[in-house]
Amino acid sequence: MTPVQDGQDRQDGQDGQDRQDRQDGQDGQDGQDRQDRQDGQGILDLQVDGVLGGDELNALFRAAWPGHRDTDFGPVLARSMLRVTARRAGRLVGYVNVVGDGGVHAFLLDTTVHPDERRAGLGTALVRAAADAARERGAHWLHVDYEPHLTAFHERCGFRPTAAGLMALNGDSADDTP
């Protein structure tokens, strides 16, 4: 990862141009990949596989996803290929999880940005950091499923639409999926 000084890579469709100026960086204190990102609100600390607790992850999900019920994230985090977190002044404000198949495929899950941090490019930065880290760990393909209203966001992240299938395994219909 590298430190990034960021313009406004907006997620609202007003400015899809990526204006990130990358500079030579350094790894985080724990040997984890780290990225400091300066924006209008101060410094954001993006980190790959940094320390992450279930309580703070539940707090982020409660703020970002109406109806979220607290869950034990231990099993999810234990099975991750990697995760990227974003913190402002130590507070978790962004998260994305990547799982792998043990081969060349990786899957992007749970991209989450705190409502106070949206529309400023943080989601894009999280996804790009996750893609870079997955590539460094041997993935050749990064997959993501998303709803139609998120198409422009994922295209700005570098994804292209593909045909895919979905099967509900819990008895729900595919129409009931998030």
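Just so you know, all these numbers are worked out from the coordinates, no wet-lab data involved. The model shown is predicted, which means the values in this text are computed figures rather than measured ones. Neighbour counts run over all protein chains shown; Cβ positions are idealised from the backbone, glycine included.
In the condition set (1) touching a strand residue (DSSP E or B) at 6+ places or on another chain (Cβ under 9 Å); (2) free of Cβ contacts under 8 Å to residues at least 60 places away in the same chain, Asp72 is compliant with all but (1).
Let's see how each residue does on (1) touching a Lys or Arg at 6+ places or on another chain (Cβ under 9 Å); (2) closer than 23 Å to Cys157 by Cα; (3) small (Gly, Ala, Ser):
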residue: Phe73; (1), (2), (3): no, no, no
residue: Met81; (1), (2), (3): yes, yes, no
residue: Asn97; (1), (2), (3): yes, yes, no
residue: Gly100; (1), (2), (3): yes, yes, yes
residue: Thr111; (1), (2), (3): no, yes, no
residue: Arg119; (1), (2), (3): yes, yes, no
residue: Leu122; (1), (2), (3): yes, yes, no
residue: Ala125; (1), (2), (3): yes, yes, yes
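Would you tally the residues in the stretch 107-127 being more than 15 Å from Val84 (Cα to Cα) and of a type in the set (A, V, I, L, M)? Residues that pass the stated criteria total 1.
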